[in-house]
Amino acid sequence: MNNTKYDYSILLIEDENILRKNYIIYLKTMFEFVYEATDGVEAYNIYKEKRPNILIIDINIPKINGLDLLQMIRQHDHTTKAIVLTAHKDKDFLLQATKLKLTDYLVKPISRRALKLSLEKVIDELTNFKITALKNKILKDGYIWNYDSEELTCNGKVIHLTNKEKLIFTLFMNNLNSVLSIDKIIYSVWDEYLKSHEDSLKTILKKLRRKLPNGIIINIHSIGYKINV
């Protein structure tokens with residue numbers, strides 16, 4: 001890397017103050033836009049607002065741990081680059097982490113050189129590779145979901161979805177083979193769990209179902225919901 005700052009944004013999530021401050025000083029010498037968070041909830045809010053190109057995530061952070069945070073992000077975002085900081089070396093952890101499309105993981109304590117090499121790898125991926133999803137998913141009864149525009153159409157006519165309906169349907173479409181728990185859906189839409197959100201979710205799903213083919217959203221009793229396509 002040279003002394004030129006890269007025109008990318010990066011979010012560091014680290015709850016140890018001294019480490020975080022040292023990392024931030026270093027990252028600001030390399031990137032134009034540097035954000036920081038101390039816990040998973042704060043990080044997710046910053047992520048949604050700023051949409052950084054790169055994430056550096058410590059696994060052991062409060063409120064939402066690093067792996068769960070990245071899993072939430074990966075439900076609808078497979079392009080943001082991720083470097084994980086961890087004290088773990090066991091195979092089970094590494095297997096779980098690699099499923100989340102990491103660019104790299106670093107085992108603490110982390111040297112400046114190791115971090116630099118990981119960031120070089122990220123820059124190389126951002127510069128030379130582009131991840132794209134399949135553009136359209138054909139549903140039944142003439143419905144089509146466009147992943148790029150997050151737009152639902154039926155026989156060429158756009159189906160209007162409210163913001164929360166779109167968030168929920170996008171979550172379903174990015175998890176076609178999974179049952180989504182009520183908690184996971186609520187955290188993805190509201191960032192926190194309140195009992196009142198369960199009633200709100202039921203109301204939104206009721207309205208969303210009216211705009212979709214019959215039987216496309218299945219209720220899995222006492223667990224959550226699944227999309228049937």
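Just a few scattered comments:
- Counting only residues at least eight positions apart within a chain, or on another chain, the lysines with an alpha carbon under 24 Å from that of Lys211 are Lys135, Lys137, Lys140, Lys157, Lys164, Lys166, Lys184, Lys202, Lys226.
- Distance from the alpha carbon centroid of segment 1-60 to that of segment 133-202 works out to 29 angstrom.
- Counting beta carbons within 10 Å around each of Thr153, Thr29 and listing the fewest first gives the order Thr29, Thr153.
- Dipole moment magnitude, nearest 20 debye, the chain about Cα centre, only Lys, Arg, Asp, Glu C-beta charged: 620 debye
- On the principal axes of its alpha-carbon atoms, segment 6-128 has extents of 34, 32, 30 Å, going from largest to smallest.
- Length-normalised contact order of the chain in % [C-alpha pairs under 8 Å, at least 6 apart]: 13 percent
- With the charge dipole of the chain set up from +1 on Lys and Arg Cβ and -1 on Asp and Glu Cβ about the Cα centre, the Cα lying farthest toward the positive end among the listed residues Tyr105, Thr29, Phe129 is that of Phe129.
- Ranking of Val84, Val229 by count of other Cβ atoms within 10 Å, fewest first: Val229, Val84
- Segment 136-227, dipole about Cα centre (Lys/Arg Cβ +1, Asp/Glu Cβ -1), debye to the nearest 20: 400 debye
- For P(r) over Cα pairs in 10 Å bins from 0, in percent, computed directly from the structure shown, the correct entry in (i) 7, 32, 39, 18, 3, 0, 0; (ii) 7, 27, 30, 25, 10, 1; (iii) 7, 30, 31, 21, 10, 1 is (iii).
- Computed per residue of the chain from DSSP H runs no shorter than four, each worth -39500 (n - 2.57), the mean residue ellipticity at 222 nm is -12500 deg cm²/dmol.
Values quoted throughout were computed directly from the atomic coordinates according to the rules given, and no laboratory measurement underlies them. Values in this document were obtained by computation on a predicted structure and should not be read as measured data. For neighbour counting, all protein chains shown are included, and Cβ atoms are generated from backbone atoms with ideal geometry for every residue, glycine included.
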